[in-house]
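Trainee: I am attaching a structure below and will ask some questions about it afterwards.
The values are calculated or read from the model by the stated rules, or taken from the named source; none is laboratory data. On a predicted model such as this, the values are computed, not experimentally measured, just so you know. When we count neighbours, we look across all protein chains shown, and the Cβ atoms used for this are built from the backbone with ideal geometry, even at glycine. Heads up: the accessible areas ignore ligands, DNA and RNA and are worked out on the full protein's heavy atoms, side chains in. Shrake-Rupley method; radii C 1.70, N 1.55, O 1.52, S 1.80 Å.
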Amino acid sequence: NGALRRRPTPCWPSQALKELEQEGGIAARHHRYQTNQRRLVAGMRELGFETLLDDALHSPIITAFYSPKADTYRFAEFYQRLKQQGCVIYPGKVSQSDCFRIGNIGEIYPQDIERLLAAVGQAMYWNQ
């Protein structure tokens with residue numbers, strides 16, 4: 001008769017809470033996020049990037065880095081090179097500073113941070 005069948009919406013919050021419990025609770029998840037963020041910052045610094053904020057002000061959720069000072073650097077080009085490797089960064093929208101942001105929450109684990117750092121190293125066309 002053309003009528004749409006209504007299906008119940010899955011209860012995503014319930015699944016999220018189960019996954020949180022399986023991980024060990026809020027403290028364990030916060031620890032993973034914080035560990036990811038610290039490794040991200042250390043690795044990006046090794047590659048020559050500087051964070052927008054002092055370490056004491058960092059959040060385990062998202063981190064802003066100054067854009068490279070190279071005349072040939074363009075965010076769009078850097079973004080595309082990372083995207084081709086399966087990584088996504090975000091333009092800096094948090095200040096007047098020329099920066100970009102990298103999120104480090106969700107289903108992200110140390111091996112993902114290492115893969116991202118390798119991808120950033122390969123995407124740094126302005127150093128070639």
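Trainee: Is it possible to state the helix-based mean residue ellipticity at 222 nm for the chain, with each DSSP H run of 4+ residues giving -39500 (n - 2.57), the sum divided by total residues, to the nearest 500 deg cm²/dmol? What is it?
Mentor: -14000 deg cm²/dmol
Trainee: If contacts are Cα pairs under 8 angstrom and at least 6 residues apart, what is the relative contact order of the chain in percent?
Mentor: After rounding, I find 25 percent.
Trainee: Starting from the Cα of Ala70, step 7 Å along the direction of its Cβ; do the same at Leu20; then give the gap between the two resulting points in nm.
Mentor: For Ala70 paired with Leu20, the spin-label model returns 4.2 nm.
Trainee: If I model a spin label at Ile62 and Ile105 as a point 7 Å from the Cα along the Cα→Cβ vector, what separation in nanometres do I get?
Mentor: Rounded to a tenth, the inter-label distance reads 1.0 nm.
Trainee: Let me ask something else about it. Would you work out what percent of the accessible area of region 65-121, with all protein chains in place, is carbon or sulfur (probe 1.4 Å)?
Mentor: 52 percent
Trainee: Kindly report the accessible area of the chain per residue (heavy atoms of protein chains, probe 1.4 Å, no ligands, DNA or RNA), in Å².
Mentor: 69 Å²
Trainee: Let me ask you something else. Quickly work out the Ala42-to-Asp98 label distance, labels modelled 7 Å from Cα along the C-beta direction, and quote it in nm with one decimal.
Mentor: Going by the 7 Å Cα→Cβ label model, 3.0 nm.
Trainee: With only alpha-carbon atoms counted, please give the Rg and Dmax of the chain, in Å.
Mentor: Final numbers for Rg and Dmax: 18.4, 64 Å.
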